[in-house]
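The values are calculated or read from the model by the stated rules, or taken from the named source; none is laboratory data. None of these values were measured; they are calculated from a predicted model. Every residue, glycine among them, receives a Cβ derived from its backbone with ideal geometry; neighbour counts consider all protein chains shown. Accessible surface is based on the protein model in full, side chains and every heavy atom, while ligands, DNA and RNA are left aside. Shrake-Rupley method; radii C 1.70, N 1.55, O 1.52, S 1.80 Å.
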Amino acid sequence: MPTVLVFCEVQDNKLKKASREALSIGRKLAEAAGGDLVAFAADRAAADDAGRYGAKKLYVTNAGGYNTETYTTAMQAAMEQASASIVLLGGTSNGRDLAPRLAARLNTGVASDVDRLEWTGGKLRARRPVYSGKAFATVEISGTPAIATTRINAFPAEESGGGAAEVVEISASLDSKTTVVETKVSEGGELSIVEADIIVSGGRGLKEAANFSLIRDLAQAIGGAVGASRATVDAGWIDHQHQVGQTGRVVSPNVYIAAGVSGAIQHLAGMSSSKHIIAINKDPEAPIFRIADLGVVGDLFTIVPALTEEVKKAKAH
Amino acid sequence: MNSVVCIAQVPDTETRIKIGGDGRHIDETGVKYIVSPYDEYALEAAIRLKEKEGGDVTVLGFGPDRVQQALRESLARGATKALHVKGEAGDADSLGIAKVLAAAIKNLPHDLVFFGKQGVGTDNSLVGPMVAELLGYPQINVVTHLDAAGGKVTAHREIEGAEEIIEAATPAVITAQKGLNEPRYASLKGIMAAKKIAIDTKSIADLGLAESDILNQRVTVVSLELPPEKSGGRKIDGSDPQAAAKEIVRYIKEEAKAL
């Protein structure tokens, strides 16, 4: 009876999207393996949501805010109590920080940023993008438990119709050599490209830093995040956290709008798994058109503002 | 302030990836190897600390003979010592690599151990935190700002939509993010000086480790594939911005089911 344990994170009393997605694929693996789905969180508020996505139990610790060392110890305790065979963590900053630490402590295998998972022949198989998405590796994890971090937006979040998870308190040492002194929220509380369903990206075609306002206006109207090509980040037009592609983030939103992005190989690698790609570029030969589902050959300086207005109208209906 | 900087040597980011004959590795024919871009920020941070506080910067690499080139480049930029652990790192998984590096680091002078936040290519982001765990050190991951002095390190960690300011006792592991600094190029003087520094070499056995443990993979690559070629979709003329905007909105609503 292999048990699947999912690391959950709570924000505003609700489970983060990454956690809901990890629970959803975790439930499928538990069904395939004939085992149970359980969850871990540092907040009891997760019990309703965790249950709604299929978790039978929620292991809760009083560790407070995220801290690598205290969470490693608490997760280790939950893994032991649950006798977990599979451990999944949504691919947030914290999930990616914690997974390798756990794997090293338990001398087991871990796969990062996976976009497919299956339980086959008593082992966990995962597919993960390598070379920023220029290739995909299928890996098999041996060692118990098998650990994986799931790529955000790769697994749909699906409720199971279950009731609240049974809360099981676990105590773990709160010793740590690190202290989080302060958390500074980015200006304007901008949506992160990693979590966004829609990304509007700007490239060198914007000509100068100030013109990123066109991209920001469209992103705001449509409810998406602002992305950027490496060239614009290197030119200092926008902060690195917006960079899509190799040496930036690999993203797979539902809708990706690229304006004035020519489509260097490093950029294409980072966004080509997006579900619907729209490109606006004045050069009909730009490589971005090779992967765009809808390509618009034209001037971004007139099309993007028109699109922003059109989106506002559509939203008003 | 002594630092160890772990250097990964990876295929140039311009590389067009081809799958090798075994269907599990890339075809290395004609691949140019570079220092993993994030490691350059790690190295620069260590060199700046050395310039301020004194001490040594040791660059450490695990892999075949070609790794010496990456170490030589790092010396030219300002590292003071280098250790090359020889072995087929490509046959080890992340934890195997972390065990080799952790064993090597124990014998090197260090207050801080630096990595890039990920090795570009394999994109695992695993080895740094694994080394921290194996050595019992705190870790600060994806760092965009760093101060270290007097047995303490303060760093800014990038998270979704925010930044955490974290303090840790040294020794500690730091993984560098783009934006931490602007890495310098090697100067001619640096290149000449680097030629006089001997790169120390060790085998896995010299570190007291069994090759069987390092190469006994907990994660094995079953297959490596290229993504399906996208054919490209519809292309429309955008000379009428209003019409183009209407078509994009229709596409987003009807086909992407968004808005």
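Remarks
- Only one of A:Leu117, A:Leu102, A:Leu89, A:Leu124 that is touching a residue at least 40 places away in the same chain (Cβ under 8 Å), closer than 18 Å to B:Asn141 by Cβ, assigned to a strand (DSSP E or B) and of a type in the set (A, V, I, L, M, F, W, C): A:Leu89
Results for (1) surrounded by 18 or more Cβ atoms within 10 Å (Cβ to Cβ); (2) of a type in the set (D, E, K, R); (3) under 30 Å from A:Gly51 (Cα atoms); (4) modelled with pLDDT of 95 or more, shown as yes or no for each residue.
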position: A:Leu174; (1), (2), (3), (4): no, no, yes, no
position: A:Glu187; (1), (2), (3), (4): no, yes, no, no
position: A:Ala196; (1), (2), (3), (4): yes, no, yes, no
position: A:Lys207; (1), (2), (3), (4): no, yes, no, yes
position: A:Ile222; (1), (2), (3), (4): yes, no, no, yes
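- Condition met for A:Asn153 (in contact (Cβ under 8 Å) with a residue 24 or more places away in the chain and part of a loop (DSSP other than H, G, I, E, B)): yes
- Search result, residues across region A:102-125 that are more than 9 Å from every other protein chain (Cβ to nearest Cβ) and not charged (D, E, K, R): A:Leu106, A:Val114, A:Leu117, A:Trp119, A:Thr120, A:Gly121, A:Gly122, A:Leu124
- Of the candidates B:Gly179, B:Gly208, the single residue that is open to solvent by 20 Å² or more (accessible area, probe 1.4 Å), over 19 Å from B:Ala46 (Cβ atoms) and either modelled with pLDDT under 95 or not aromatic (Phe, Trp, Tyr) (or both) is B:Gly208.
- Test: residue in region B:142-157 that is over 23 Å from A:Leu191 (Cβ atoms), touching a residue at least 24 places away in the same chain (Cβ under 8 Å), facing chain A (nearest Cβ under 8 Å) and of a type outside the set (D, E, K, R): no
- Options A:Val226, A:Val261, A:Val200, A:Val167; residue that is under 30 Å from B:Thr154 (Cα atoms), at pLDDT 95 or above and touching a helix residue (DSSP H, G or I) at 6+ places or on another chain (Cβ under 6 Å): A:Val226
- Across region B:55-92, the number of residues qualifying as more than 14 Å from B:Ile7 (Cβ to Cβ) and modelled with pLDDT under 95 comes to 5.
- Only one entry in A:Gly26, A:Gly35, A:Gly64 is among the small types (Gly, Ala, Ser) and part of a helix (DSSP H, G or I), namely A:Gly26.
- A:Leu214 being at pLDDT 95 or above and open to solvent by less than 30 Å² (accessible area, probe 1.4 Å): no
- A residue that is open to solvent by less than 10 Å² (accessible area, probe 1.4 Å) and either free of Cβ contacts under 8 Å to residues at least 12 places away in the same chain or touching a Lys or Arg at 6+ places or on another chain (Cβ under 7 Å) (or both) cannot be found anywhere in region B:68-77.
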